[in-house]
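Below: the structure, in structure tokens.
The values are calculated or read from the model by the stated rules, or taken from the named source; none is laboratory data. The model shown is predicted, which means the values in this text are computed figures rather than measured ones. All Cβ positions, glycine included, derive from the backbone under ideal geometry; neighbour counts span all protein chains shown. The protein model used for the area step is the full one, side chains on, heavy atoms only, and it has no ligands, DNA or RNA in it. Shrake-Rupley method; radii C 1.70, N 1.55, O 1.52, S 1.80 Å.
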Amino acid sequence: MGARMGRQEIYRMGHGFSVSGLFRRRRYRLLFLAGLFVVLIPALSVGVVAFARGWAGEHPGGLPGEYSGGRPGGRLPGDRLPGDRLREHVADSASDQPGPDATAELARVGASETQPASEAPRATEAQPEAPRAAEAPPAPDSPQWRVQNPYDGVDWHADRQYKANFHTHTTKSDGLMNPHAVVDAYYQLGYDVLSITDHDEVTYPWTAFSTLEPSSLSAARMLTVSHIMPSNLMFQDRVPEELGMIAIQGNELSMHHHMGSFFSDHRGTTTVSASLEAIAARDGLAMLFHPGRYTRPTEWHVELYRANPHLVGLEVYNQGDRYPNDRSIWDSILTQTMPERPVWGYSNDDSHQRNQIGRNWNMLILPELSAAEVRRAMESGLSYYVYAPGGHTGPAAPVIHAVQVDESRGTIEITATGHDSAVWISDGELVELGATLR
């Protein structure tokens, strides 16, 4: 049964935590936890896909490098990608379990170069080595860690989790479903938030669908391939409040590297910079779509994110998992931007037809369901993201219920259900097992 059910993955959307702390392992004096996440592996599961950066360390002689748990473990040219190493680890550790895999990634971490205030000064060559007692774990009232936690303001008991998709198409551009049919399909699957992002078109508001015209492509398809089209191109209005949904104004700007425009009526410009300027002028938000389709260098992405605070993130899963390199690009960006500039990850359907609906979604953690709270979540990373190859008929994904951080002890603990084990990974390397990172 399990082998045919496929793989389901649920990932933390973004990498939010920034952790720095003092380690004295072997001869490496100070290690920074950079790019950490935890993977929840449910029952009947094997295999995981995940990306992260490593432990960024400092050699006593001043040579920068990357280490894993105090051991050299940085990525070198020609190395396997972190996801490849992670797949092998989980496959080995769960080889006696049948079935599909469902995973949950939580709390990506960005490197912090801030040295803990309580750290003792480094001994010079002429000074005697510190006694072993100095290496004992710090007392609870003597913090050795500083954690930048995007979940810090979440009330895990009172706040609720809402399902969202920020990338979908209709017959207003190149989709095969009319706008109202797309809304109905997501409503039936229990989505709370939806943004229709037709190419260079703003299919909004939902209450005015009936006033919109289908695209010329859709009209032509009705004449040539009508069997794949709806029975007609007559659009019907939908009222979000009556459905209990939040409609987010959106558009896929498509005359350059494709980009989602949200909370904005901008219809498109010919360059990325012009589009970002137009979105900013309208107080909108932006997101890069399917970056793995393109060959832009990491520096291009980094400069773009640093120059545009309203560019909140990028897709790390698109239309299932069309471009696995999306996550490698994300990881490369974060290596250079964290912790000063987080870039949140999203999983979106990019649906054009019915069988592409319901495999990707984002869980927003909000005190209430409103457009303002959705925007705040997009800006602050108050969410995690999901890729479910089996869609809503496949195996259930794990559910994250809480994240607790104890800075005095340097621990991050997750509370979740629907999983067998928790695996903490940094740069594709195992750094901890269990629900708590110590």
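For residue 164, state whether it is at pLDDT 95 or above, out of contact with any Lys or Arg (no Cβ under 8 Å at 6 or more places or on another chain) and part of a helix (DSSP H, G or I). Here the answer is no, as residue 164 does not meet what is asked.
Among the residues of segment 320-334, count how many are among the hydroxyl-bearing types (Ser, Thr, Tyr) and touching a Gly at 6+ places or on another chain (Cβ under 7 Å). Within segment 320-334, residues that are among the hydroxyl-bearing types (Ser, Thr, Tyr) and touching a Gly at 6+ places or on another chain (Cβ under 7 Å) number 1. Just one of (1) part of a loop (DSSP other than H, G, I, E, B); (2) within 14 Å of the chain's Cα centre (by Cα) trips up residue 328, so point out which. Just one mismatch for residue 328, condition (1). Open to solvent by 10 Å² or more (accessible area, probe 1.4 Å) and at pLDDT below 95, is that true of residue 190? No: the conditions fail for residue 190.
For segment 322-338, does any single residue satisfy the condition of being β-branched (Val, Ile, Thr), more than 23 Å from residue 305 (Cα to Cα) and crowded, with 17+ Cβ neighbours inside 10 Å? Full working, then the answer.
First, pick out the residues of segment 322-338 that are β-branched (Val, Ile, Thr): 329, 333, 335, 337.
Applying the additional criterion that residues be more than 23 Å from residue 305 (Cα to Cα) yields none.
Scanning segment 322-338, I find no residue that is β-branched (Val, Ile, Thr), more than 23 Å from residue 305 (Cα to Cα) and crowded, with 17+ Cβ neighbours inside 10 Å, so the answer is no.
You will find that of 265, 283, the residue that is of a type in the set (Asp, Glu) and touching a Lys or Arg at 6+ places or on another chain (Cβ under 9 Å) is 265 and no other. If you take the residues in segment 221-240 that are open to solvent by 70 Å² or more (accessible area, probe 1.4 Å) and in contact (Cβ under 8 Å) with a residue 12 or more places away in the chain, which one is farthest from the chain's Cα centre (by Cα)? Among them, the one singled out is 234. Only residues that are open to solvent by 30 Å² or more (accessible area, probe 1.4 Å), under 35 Å from the mean Cα position of the chain (by Cα) and small (Gly, Ala, Ser) were counted in segment 210-220, giving 2.
Applying the condition of being among the charged types (D, E, K, R) and open to solvent by 10 Å² or more (accessible area, probe 1.4 Å) to segment 241-267 and asking which residue is farthest from residue 283 (Cα to Cα) yields 242. Scanning segment 161-172 for residues that are open to solvent by 10 Å² or more (accessible area, probe 1.4 Å) and not charged (D, E, K, R) yields 161, 162.
Please state which one of 316, 302 is in contact (Cβ under 8 Å) with a residue 60 or more places away in the chain and in contact with a Lys or Arg (Cβ under 9 Å, 6 or more places away or on another chain). Among 316, 302, only 316 is in contact (Cβ under 8 Å) with a residue 60 or more places away in the chain and in contact with a Lys or Arg (Cβ under 9 Å, 6 or more places away or on another chain). Selection within segment 293-321: residues that are among the small types (Gly, Ala, Ser) and open to solvent by less than 30 Å² (accessible area, probe 1.4 Å). The member of this set that is nearest to the chain's Cα centre (by Cα) is 313.
Figure legend. Inter-residue proximity from segment 282-299: first residues without any contact (Cβ under 8 Å) to a residue 12 or more places away in the chain, second residues of a type in the set (Phe, Trp, Tyr) and open to solvent by less than 10 Å² (accessible area, probe 1.4 Å), beta-carbon distance below 6 Å, spacing 6+ or different chains. No pairs are indicated. When segment 268-292 is filtered for residues that are over 17 Å from residue 349 (Cα atoms), open to solvent by 10 Å² or more (accessible area, probe 1.4 Å) and not hydrophobic (A, V, I, L, M, F, W, C), the ones remaining, listed by number, are 268, 269, 270, 271, 273, 277, 282, 283. Taking the numbered list (1) open to solvent by 20 Å² or more (accessible area, probe 1.4 Å); (2) touching a helix residue (DSSP H, G or I) at 6+ places or on another chain (Cβ under 9 Å); (3) assigned to a loop (DSSP other than H, G, I, E, B) in turn, residue 158 passes all entries but (2).
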